[in-house]
Each structure stands twice: as C-alpha cells, then as structure tokens.
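Following: one structure in structure tokens, then a few remarks.
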Amino acid sequence: MDAIKKFFDKKKTDVQFKKAGQGKKLTQESSSSSSRVTERAPQPRMNPSSSAQRAGQAALQRFSNKPSSEVNWSQHAIKAQAKRELEAEKRLQELSVASKADAAAVPSQPVRPVQPVLFTNPFSDGDPDTYEAVKARIREGLFEQLHEAESKMVAACLIIHTCNKPREKVQVCVDTLRKYLNNILSHPTEEKYRRIRAGNPVFRDRVAAVEGGVQLLRAVGFEEQLLPPQEDATPETFFVFPSDGDVEHLTAAAECLEAAEAVRPVLHRSAVVLLPQQSMRQPDLPSEFFALTKDELQREMQLRKEAVEESLVLRTKAMRDRANAREMRKYRFSFIRVRFPDGLTLQGTFRTADKLSEVTEFVRAHLVNDWRPFQLCLSGGKKLGEDDLEKSLAELFLVPAALLNFQWDESVCDPQLDDSVLLRPEVLEQLIQEPMSAES
C-alpha cells in the first residue's frame with residue numbers, strides 16, 4: 001500500500017511541475033525583458049521664468065520675517081485642562097454659596113430620628129433605656145439585695161453569673177464554691193473543711209477575684225476570723241463556717257449556684273403603629289444592629305475563615321444555605337413590620353435569634369380578637385406555617401428588616417366579627433402619635 005501511495009504522489013508532483021511552464025537557468029539573461037527596456041536620454045532642465053523667480057523670492061521673504069518656534073502641544077493641553085478645572089471649581093463655589101443662602105431663607109425640615117434599640121430591666125417596670133444604662137441598673141439592684149437577709153444568698157449567686165466575664169472564669173468560680181460547700185456537707189464534723197484561708201492562691205484567684213464570690217460565703221454564714229494557720233505562726237484571715245451554722249443554707253446555695261443564670265436586659269419591642277405612607281419608607285437601622293461584642297467578633301472571624309475554605313470546593317444546597325445563614329449572623333436585631341388589611345402597619349424590634357412564634361405572640365397581644373387564629377405571609381404570598389414557628393428570624397432570612405402581611409385564618413369565619421377593626425383602640429391612641437410627631 002505504501003508503494004502505491006508514493007507512486008500516485010510522484011505523479012501528482014510531475015503534473016504540477018509541468019503546468020508551471022518552461023524552466024530557465026538563473027544565470028541566463030532574459031532576452032525578452034531586455035528587448036522591452038528602452039533607454040531614454042536625459043532632458044536638460046529649463047530655467048524658471050522671471051515672474052516665477054520674483055514669486056519665490058517674495059515667499060522666502062515672508063518666511064524669513066515669521067518667527068520660527070515649535071509649539072509644545074502637551075504643555076498646551078495641560079494648561080487648558082487646568083484652566084477648565086479652575087473654572088469648574090469656581091462655579092461649584094458659586095453654587096454652594098447660593099445654596100447656603102437659599103437654605104438660610106427656607107426654614108429647615110425636621111430630621112426624622114432613628115429609632116434606637118431599647119431594653120428594660122426584668123426586675124422593675126422602669127422606662128426602657130439603652131443596653132448599658134439598663135445593665136447598670138441591674139447591677140445596682142443586685143448589690144442592693146445583698147443587704148436583705150432573705151435575698152442576699154440568691155443575689156450573690158446572680159452577681160457571680162451576671163457581673164463577671166469571661167464565662168470560663170465564672171464557671172471555675174462556681175465549681176470551686178460548690179466544692180467548698182459540698183465538702184462541709186459531706187464532712188460536717190471535720191474542722192479543716194470549715195476553714196478557708198483567704199491568702200490561698202486558689203481561693204484568691206478563683207473566688208476572691210470574682211464579684212459575688214466572697215459575698216456568697218458571707219451570705220451562707222461564713223465569718224472572717226484571724227487564726228494562725230499553724231502553731232506559733234502569724235495569724236491570717238480565714239473564712240470560717242461556725243459549728244452551729246445552718247447547713248440548709250449550704251445546700252440551697254449549692255443548688256442556686258448550679259441553677260442560676262446571668263440577668264440580662266430584656267429587649268423592648270418598641271411597638272409602633274405606622275400609617276400607610278410611613279410604612280413605605282425603609283426603616284433607618286441604628287448602629288446597635290451591627291455592633292458586635294468581642295466574643296461575637298471572634299466567632300465571626302472563625303466563620304469567615306470557614307467560608308473561605310468552603311469557597312474552594314463545590315457547594316451543595318445545604319452548604320449554600322449555611323453560607324446564607326452565616327451572612328445573616330452579622331445582624332443582631334431586626335425590625336419586623338406586620339401590615340394589616342386596613343393599611344396600618346405594626347412594627348416591633350426583635351433579636352435575630354428570636355423565633356417566629358415570638359413575632360406571632362407580639363402581634364396577638366395587640367389584636368382586639370386575640371383568640372382568633374391568623375397567618376403571617378411573606379411579600380411574595382408564601383404563608384409561614386406551623387413548621388416555621390420554631391425557626392429563628394435569621395433562619396427565615398427576616399433580617400435586618402422584613403415586611404409580613406397579616407391574614408385571618410379562613411377556616412375560622414364568623415359574620416358577627418368586624419374584620420375592619422383589628423388593633424386595640426388603646427394601642428392606636430398611644431402609638432400612632434409617635435410617628436405622626438416625627439413627620440410633622
């Protein structure tokens with residue numbers, strides 16, 4: 001087969017070579033080309049006429065009188081651009097002066113204030129205030145309870161959990177105190193378990209350095225005494241539980257230490273009823289919506305590190321959902337607006353970790369017929385069902401603000417009910433004035 005292929009290739013080459021015409025040597029002179037070339041004799045140049053000579057001299061005279069200078073076009077362009085910028089800046093200054101004069105002539109409109117995030121004290125019915133202000137009130141109230149005989153032990157336990165950070169330090173203090181108390185309960189007759197040396201490094205670092213630790217020992221009956229740690233030694237301060245002390249206080253204190261939790265300011269809903277034209281505006285988010293504590297910032301950095309690692313691989317739907325939920329964690333609070341069929345909108349402030357059931361209870365507390373079942377719908381028409389009630393607002397992507405539509409449950413219908421009256425009259429009287437005053 002190869003031989004046949006080479007044979008046909010050679011034949012094709014020969015045919016193409018013949019079509020190229022008759023060949024010639026490179027050293028052979030072409031007679032046809034030389035025959036066509038004819039030599040022409042140079043013709044003599046004629047002198048210009050007298051009138052042409054005079055015109056040329058006049059042109060040379062004009063060019064000699066004109067100064068010869070090269071134009072720097074780049075520098076010229078820079079100067080022109082600088083001139084335009086100066087003129088534009090001058091016009092802006094004139095416009096700003098004119099606008100200030102107009103603003104001085106026209107009375108300024110009141111600025112709509114940003115609604116702050118407010119909190120309340122769970123121990124009192126005081127007015128809502130900022131988080132730090134309410135936190136200071138809680139601390140003050142707990143220390144005041146130390147002077148009450150009936151509540152000083154509980155107050156000391158709450159101070160330990162509320163007024164100290166970090167959480168690990170609090171847990172070490174609780175474990176150490178419970179060990180002191182349980183040793184006395186387990187060995188009530190041994191004196192060494194009834195005495196705690198104040199200079200002991202363990203006691204000093206784990207109990208005395210924590211607010212409420214020493215106060216709890218005093219509340220359950222420990223007394224401060226100067227005793228020698230050994231014979232002929234210098235007396236030192238000891239916390240001593242007397243032999244006739246009430247052991248039941250020790251048991252109650254151990255249980256209270258284990259069950260107590262930190263007392264935090266309670267988020268105030270800041271309920272506001274908005275008119276239709278007011279609810280059209282986007283809510284102004286205060287700075288507290290984005291402020292992160294040190295612990296939250298560290299957790300956010302860890303989540304971002306994990307997000308970078310996940311971005312390097314293909315992600316499933318579950319992974320994308322986790323990424324979206326992580327994005328929602330940067331918000332701490334959320335404005336939830338519930339729009340009613342009559343056009344009014346009820347607004348409340350919630351934590352992003354609050355469940356949807358808390359939103360429904362908030363709405364129910366403001367209804368005239370609070371017993372009647374209702375549903376909350378997203379703006380696209382999707383109804384939030386029973387399965388969504390235990391989900392957080394962050395999981396439902398209702399942060400940092402969301403608008404829900406109110407709808408009565410169609411399965412419960414009574415012709416005697418007036419569906420045009422939804423919110424309680426006292427709610428309308430108290431809450432509708434606040435947004436109106438901000439607009440006036």
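The values are calculated or read from the model by the stated rules, or taken from the named source; none is laboratory data. All of these numbers come straight from a predicted model, not from anything done at the bench. Note: ideal-geometry Cβ built from the backbone for every residue, glycine included; neighbour counts use all protein chains shown. Side chains are part of the model used for accessible areas, which takes the heavy atoms of the whole protein and leaves out ligands, DNA and RNA. Shrake-Rupley method; radii C 1.70, N 1.55, O 1.52, S 1.80 Å.
Any residue in region 234-244 that is of a type outside the set (G, A, S), open to solvent by 70 Å² or more (accessible area, probe 1.4 Å), in contact (Cβ under 8 Å) with a residue 40 or more places away in the chain and more than 22 Å from T189 (Cβ to Cβ)? Spell out how you get there, then give the answer.
Going through region 234-244, the residues of a type outside the set (G, A, S) turn out to be 234-242, 244.
Applying the additional criterion that residues be open to solvent by 70 Å² or more (accessible area, probe 1.4 Å) yields 234-235, 244.
Retained after the next criterion (residues that are in contact (Cβ under 8 Å) with a residue 40 or more places away in the chain): none.
The answer is no, given that none of the residues of region 234-244 is of a type outside the set (G, A, S), open to solvent by 70 Å² or more (accessible area, probe 1.4 Å), in contact (Cβ under 8 Å) with a residue 40 or more places away in the chain and more than 22 Å from T189 (Cβ to Cβ).
If you check E261 against the conditions, is it modelled with pLDDT under 95, of a type outside the set (F, W, Y) and open to solvent by 60 Å² or more (accessible area, probe 1.4 Å)? Talk me through it step by step, then tell me what you get.
Numbers: modelled with pLDDT under 95: yes; of a type outside the set (F, W, Y): yes; open to solvent by 60 Å² or more (accessible area, probe 1.4 Å): yes.
Yes, satisfied.
Is there a residue being over 17 Å from V272 (Cβ atoms), modelled with pLDDT of 90 or more and acidic (D, E) anywhere in region 401-418?
no
With respect to E410, is the statement that it is over 23 Å from K355 (Cβ atoms) and not in a loop (DSSP other than H, G, I, E, B) true? Spell out how you get there, then give the answer.
Working: over 23 Å from K355 (Cβ atoms): yes; not in a loop (DSSP other than H, G, I, E, B): no.
No.
Identify the residue in region 369-379 that is in a loop (DSSP other than H, G, I, E, B) and open to solvent by less than 80 Å² (accessible area, probe 1.4 Å) and, among all such residues, is farthest from D419 (Cα to Cα). Don't jump to the end; show me each part of the working.
Step one: filter region 369-379 for residues in a loop (DSSP other than H, G, I, E, B), giving 369-373, 378-379.
Right, trim to open to solvent by less than 80 Å² (accessible area, probe 1.4 Å) and you get 369-370, 372-373, 378.
Numbers: N369: 10, D370: 13, R372: 11, P373: 13, L378: 21 Å.
Restricting to residues being in a loop (DSSP other than H, G, I, E, B) and open to solvent by less than 80 Å² (accessible area, probe 1.4 Å), the top hit is L378.
Cβ-Cβ under 6 Å, sequence separation 6+ or interchain: first residue in region 204-232 and in contact (Cβ under 8 Å) with a residue 60 or more places away in the chain, partner open to solvent by 70 Å² or more (accessible area, probe 1.4 Å). Which pairs?
Listed by first residue and then by second, the contacts come to V220/H249.
Go through V214, V207, V247, V220 for me and flag whichever is among the aliphatic types (A, V, I, L, M) and open to solvent by 30 Å² or more (accessible area, probe 1.4 Å).
The unique qualifying residue is V247.
Can you go through L118, L177, L146 and tell me which one is at pLDDT 95 or above and either on the phi < 0 side of the Ramachandran plot or open to solvent by 70 Å² or more (accessible area, probe 1.4 Å) (or both)? Show your work before the answer.
Details: L118 fails: at pLDDT 95 or above; L146 fails: at pLDDT 95 or above.
That would be L177, the only listed residue that is at pLDDT 95 or above and either on the phi < 0 side of the Ramachandran plot or open to solvent by 70 Å² or more (accessible area, probe 1.4 Å) (or both).
So, of the residues in region 116-143 that are part of a loop (DSSP other than H, G, I, E, B) and in contact (Cβ under 8 Å) with a residue 40 or more places away in the chain, which turns out to be farthest from F335 (Cα to Cα)?
Going residue by residue through region 116-143, those that are part of a loop (DSSP other than H, G, I, E, B) are 116-118, 121-128, 130.
Imposing the further condition that a residue be in contact (Cβ under 8 Å) with a residue 40 or more places away in the chain reduces the set to 116-118, 121-123, 128.
Numbers: P116: 11, V117: 10, L118: 13, N121: 21, P122: 22, F123: 26, P128: 17 Å.
Per the criteria, the residue is F123.
Among all residue pairs at least 6 apart or on different chains, which show Cβ distances below 6 Å where the first residue, located in region 360-371, is closer than 13 Å to L389 by Cβ and of a type in the set (S, T, N, Q) and the second is surrounded by fewer than 17 Cβ atoms within 10 Å (Cβ to Cβ) and at pLDDT 95 or above?
The qualifying pairs do not exist here.
Specify which of the listed residues (A254, A271) is within 30 Å of A133 (Cα to Cα) and surrounded by 13 or more Cβ atoms within 10 Å (Cβ to Cβ).
Working: A254 fails: within 30 Å of A133 (Cα to Cα).
Sole residue among the options that is within 30 Å of A133 (Cα to Cα) and surrounded by 13 or more Cβ atoms within 10 Å (Cβ to Cβ): A271.
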